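Comments concern the structure below.
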């Protein structure tokens, strides 16, 4: 089944892969934000592409999901990979890239990283990254910096100054020096909304949406696993093109109807917990949340002008996905849409 999981993440992703390769084969000019609903395959797509890149690219992949980030020191440390294999205090980039071109962070000596912390100078850490990138470029290779789950810097009390300096680093590497491709990956649409509205990033970044599969792609994929037209309709009506749910549908093909109803029942219960707990704690916001959810009674998506507290609440609880480039709200999945409509029906019956 691992083969199924890996295959589905990249099935018919040619459009996204071609766009990323077009970016990588051009001069670095803009920060690229890769975004989309949860579990749409963003990380898997990027990791797949990393594995396919030729050796003239040097990739630094930093996954913040795997790191405990409590303050700015934790964040700075997460960007680096301690390199002590030769027992040298100074990192010789030329020697490193002769051996390997894919890293889980910017290579650095332990002594130098400790010095950054001792003097509390995050700017020095960022200058070091610029120096490493320049060394790689001078050796005829193209650096690529990928930061996955970047929104985690907003989940902790990291001061705005550090965030400002981080984006300045990204701009320096791309727009100014044209020396490194920078990709930031996130499923947090509130973070993307914040970035989209950030004045300092206007004209300095692009946005690449990695969405769930459309109907045609879903149908072609499920047919490869022996799904009949009726089974495809059933899976689509419950899960649409959400990759993670399609994998589970394949695993449960022998009891597909039961599985679909089970998943919906679970999601309804989760949504009830989210919505009705709010009714107890904040009746005004509860009313606003219901007003938003009611818009999905007969629509799959709705437009919005700005992020309200109610929209923020639904996004943070992974009920709604907000696309700031299109100014559109939609449920995180078809399962969420069905659960929303079922909960609204229950509320109407209670009234």
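No value in this document is a laboratory result; all are computed from the given coordinates. Note that this is a predicted model, so its numbers are computed, not measured. In this analysis, Cβ positions are derived from the backbone assuming ideal geometry, glycine residues included, and neighbour counts consider all displayed protein chains.
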Quiz item: Nearest 10 degrees, 0 to 90: what angle lies between the long axis of helix 334-350 and the longest principal axis of the chain (Cα atoms)?
Solution: 40 degrees
Quiz item: In percent, what relative contact order does the chain have, based on Cα pairs under 8 Å that are 6 or more apart in sequence?
Solution: 22 percent
Quiz item: How do 299, 172 rank when sorted from fewest to most other Cβ atoms within 10 Å of their own Cβ?
Solution: 299, 172
Quiz item: How do the peptides 180-190, 254-264 rank, highest first, by the average count of neighbouring beta carbon atoms within 10 Å per residue?
Solution: 180-190, 254-264
Quiz prompt | Global geometry of the range 177-271, whether rounded, prolate or oblate, following the gyration tensor of its Cα atoms and the 1.5 cut on a/c | solution = prolate
Quiz item: Which whole-angstrom value gives the distance between the alpha carbon centres of the range 270-287 and the range 46-73?
Solution: 38 Å
Quiz item: Which semi-axis lengths, in whole Å and largest first, follow from the square roots of five times the eigenvalues of the Cα gyration tensor of the range 220-291?
Solution: 34, 12, 9
Practice problem: With no solvent and one equal point scatterer per Cα, compute the Debye intensity ratio I(q)/I(0) for the chain at 0.11, 0.13, 0.14 Å⁻¹ and report its log10, rounded to two decimals. | Solution: -0.83, -1.08, -1.19
Quiz prompt | Value of [θ]222 nm, deg cm²/dmol, for the chain, DSSP H segments ≥ 4, -39500 (n - 2.57) each, nearest 500 | solution = -16000 deg cm²/dmol
Practice problem: Could you give the C-alpha radius of gyration of the range 215-350 expressed as a fraction of 2.2 N^0.38 Å, taking N as the number of residues it contains? | Solution: 1.13
